[in-house]
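These notes are about the structure you will find just below.
The values are calculated or read from the model by the stated rules, or taken from the named source; none is laboratory data. Note that the structure is predicted; figures quoted are calculated from it, not measured. All Cβ positions, even for glycine, are placed from backbone atoms using ideal geometry, and neighbour counts span all protein chains on display.
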Amino acid sequence: MRRLTDPRQTGLFDEFEGLLSSVAYRRLTSGWQHLFRHAILKLMPAQKLAAHFDPTLGRPIKELYSVAGMLFIMEFRNWTHDAAADAYMFNLDVQYALHLKPENQSLCRRTIERYIRLFRTEELARVKKGSGLNAAVGKQFMTTRAINLAPHGLLAI
C-alpha cells in the first residue's frame, strides 16, 4: 500500500520546535536540513516510485518522499546502508530534513537496498535539465540566508 505525503504540506505545529532548545532549533532551521526539507525533498521522484506499489493492497510501505530523500542524503554523506538506517531512525536532524515525525521511525538495511534497486532499474537518480533542482535550491538558499541575516541588521530587505 502506497504512502505519499506531499512535503509542502505543513502541520499546525512543528514538533521539533518543542523538542529542541531554541539554539538547536535555530541551527536546524538555518542548516542544510531546512534547505533539504523545503527545497529538495519535493523534487524527489516519489511518484515514480509509487508506480511500483499497489495503491490499496499489501502491507503499508515507508513514506516515499522520505525514503527517496534518505537515499539522496546517504549518497551525499557517504553513509553505509546501516548508517543510513540508523540516521533515519535516530538522528533528529535527518528526520527534520525528511519531514518525518521524531517518533516511531524504523528502517532496515534491506529496505534501503530494495529502494536502491528500484532507483537503479528505473534510473531515478538522474537530474534532468529543467527539473528545477538548481533554481529551487538557489531560491531557498537565498530566502534562508535573508531570514537569518535580517534580524542582525546584516541584510537590508
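Observations on the model:
- Residues within the stretch 70-83 that are touching a residue at least 24 places away in the same chain (Cβ under 8 Å) and under 22 Å from Ala24 (Cα atoms), tallied: 2
A quick yes/no check of all residues on (1) over 15 Å from the mean Cα position of the chain (by Cα); (2) basic (Lys, Arg):
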position	(1), (2)
Glu17	yes, no
Ala24	yes, no
His34	no, no
Ala39	no, no
Lys42	no, yes
Pro55	yes, no
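- Scanning the stretch 63-92 for residues that are of a type in the set (Asp, Glu) and at pLDDT below 95 yields Glu63, Glu75.
- All helices (runs of 4 or more DSSP H) inside the stretch 44-129 with 1 or more residues being surrounded by fewer than 14 Cβ atoms within 10 Å (Cβ to Cβ): 46-50, 64-77, 81-90, 109-122
- Against the numbered list (1) under 19 Å from Ala125 (Cβ atoms); (2) of a type in the set (Phe, Trp, Tyr); (3) assigned to a helix (DSSP H, G or I), Tyr25 comes up short only at (1).
- Of residues in the stretch 1-32 being among the aliphatic types (A, V, I, L, M) and over 25 Å from Lys48 (Cα atoms), the one modelled with the lowest pLDDT: Leu12
- Subset of the stretch 104-127 (residues that are among the small types (Gly, Ala, Ser) and within 12 Å of Leu49 (Cβ to Cβ)): Ala125
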